[in-house]
Each structure stands twice: as structure tokens, then as C-alpha cells.
1. Let me confirm something: among LEU96, LEU118, LEU50, which residue is of a type in the set (A, V, I, L, M, F, W, C), within 20 Å of CYS6 (Cα to Cα) and either in contact with a strand residue (DSSP E or B) (Cβ under 6 Å, 6 or more places away or on another chain) or buried (at least 19 other Cβ atoms within 10 Å of the Cβ) (or both)?
2. I'd like the full set of residues that are β-branched (Val, Ile, Thr) and under 17 Å from ASN71 (Cβ atoms), limited to the range 35-57.
3. Look through THR213, THR167 and report the one residue that is of a type in the set (Val, Ile, Thr) and within 17 Å of ARG149 (Cα to Cα).
4. Quick check, is ALA77 more than 30 Å from SER214 (Cβ to Cβ), aliphatic (A, V, I, L, M) and surrounded by 20 or more Cβ atoms within 10 Å (Cβ to Cβ)?
5. I'm trying to understand the selection: among the residues of the range 64-93, which are within 15 Å of GLN123 (Cα to Cα) and either of a type in the set (Val, Ile, Thr) or over 12 Å from the mean Cα position of the chain (by Cα) (or both)?
6. Of (1) among the hydrophobic types (A, V, I, L, M, F, W, C); (2) at pLDDT below 90; (3) part of a helix (DSSP H, G or I), CYS6 satisfies all except one. Which?
7. Just one of (1) more than 11 Å from the chain's Cα centre (by Cα); (2) buried (at least 18 other Cβ atoms within 10 Å of the Cβ); (3) under 28 Å from ARG143 (Cα atoms) trips up VAL57, so point out which.
8. So is ALA108 crowded, with 24+ Cβ neighbours inside 10 Å and assigned to a helix (DSSP H, G or I) or not?
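The values are calculated or read from the model by the stated rules, or taken from the named source; none is laboratory data. Since the model is a prediction, treat every value here as computed from it, not as a measurement. Because the Cβ atoms are built from the backbone with ideal geometry, glycine has one as well, and the counts that use them run over all protein chains shown.
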Amino acid sequence: MDMDHCRLQKCSSTLRKASSHDIGQFNEYSFVAMAISAASAYGASKEDLLLEYAHVVTERGLDANDCHNGNSAIVLAAYHGYVELLEYLLDLGCLLDSHGSYGNAVEACVRNGQHAALELVLQRRPEEASAFFRHDLFSIRLRRAILKRDVDSVRILTCTSGIVKPTLSDSDLLYMKRRGNNKRYLYPILKQLYPSLKGVANWNKQIHWSFPTSDRQALNTLWYTERVFPSEIWIHIFSFIGRGWFAKSE
């Protein structure tokens, strides 16, 4: 009941005073994840109380990265933008993956537009985050950011150093075209991210990630197998290639 009403100070006090026998019984329950979900429903930030509670949970030997409705504590912290709590969970070595509706911690940040949390996760766990980008399903998250016109999320995902950059797929391009026109969503974002480019409709190495899979594969094939011309000439030739030239139409 205290947890439901977000009386986190009382919950911390109760946990500190709990006997070893009680702690053993507490292993059956969700703690930090439930606390985050409860705090998020109250509007005003309770991150300092959440952080204190997470410390107590850890001190009593309980799992700080438990789950609530399938979403782990680190995913919920990312989704709701509790950056200090997220940093603490990262310090504990909590894994970014989860099996709830919010997906992994990177997806959760993108889903709810939590830019500070997204930057923190990518900076602290570049290799683990990059593993998610190798799955085609993650392009849907990048597509979501583009369709939401969330320039900051797209910038963080595609410009952060040390990570494998997420890329668009053929189905992403087709989906955006069906929604109206990819110029309506993608082009304005690219123009904001790369103001020095004269145009964003044709290929440039800076926006290689924004070309669908088939385009990138065709360009890579030409680049690595054909040496009729020097690299500078190929780059000039590529600059005439439009987005979607080689992509599947259906």
C-alpha cells in the first residue's frame, strides 16, 4: 500500500528495519521497478527518493533491476528519464535488455523522447547498445523517432561516436512513403542535422545511414569490387544517386 501511494521514504525505512527472515520473503516481490512505476504516476519528480530507495534495496542484498509488468527497472528509469537513478543502475552493471512493452533501455529512451537518458546509455554502454542496432527491428525505433520529428533522438543515435549506427531499411522508406512522402519527415530532420550539405536527396557519406538497406548494399558492392575509377570519382558518381534507387518497392 505504501508503494502504491509512493510513500518511498516509509518504504525505505521499512526495508532498512526488516529482519533477515523478512528480506528472504521480500525476494518474491518487485521493488525498484514498481517504485519507478508508482513515482511516474505522481507528476512531480521523486527521483531523489527513488535513488535512496534503490540504494537501500541494494544494501539489503535485493535485486535493484527487478521487473514490473515485464519491464526492468533500468528500462523504466530510461523511459521516464530518471537519469541519476539510471546512472546508478548502470554502475551496478544492470543489463539494458528487457522483455516488456518498452523493449530495451535504448528503445525506451527513444520511445519517450528522453534525450539525456539516451546519451547516457550510449556513452556508458556503447557495445551493448550497438548489439541492438544489428537487429532489423531496431530500425523501426529509428523510424519512430523520424516520424515523431524527434531531431534530438535521431542526432544522438546517428552521431554518437563509438557505437554502430542504426540505419534505415527498405521497409522503413516504403512505410514513410505510404504515410505521405519521406520528404515530409526525413528531409527536414536531415537538413537540421547537416546544415552544411547543399541537399539531402542524394547520397553523401554523412547521410549514408539514411539510405535504405538495398541502396547501401549496392553502393558498398560498387565501392569494394570496382576499381576502374579512383575513390574520389566514385564519391562524385555516388552523389548523383537518389534515396531508394535500389530499394525494393514492395
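1. LEU50
2. Matches in the range 35-57: ILE36, VAL57.
3. Working: THR213 fails: within 17 Å of ARG149 (Cα to Cα).
On inspection, the qualifying residue turns out to be THR167.
4. yes
5. VAL83, GLU84, LEU86, GLU87, TYR88, LEU89, LEU90, ASP91, GLY93
6. (3)
7. (3)
8. So ALA108 fits the description; yes.
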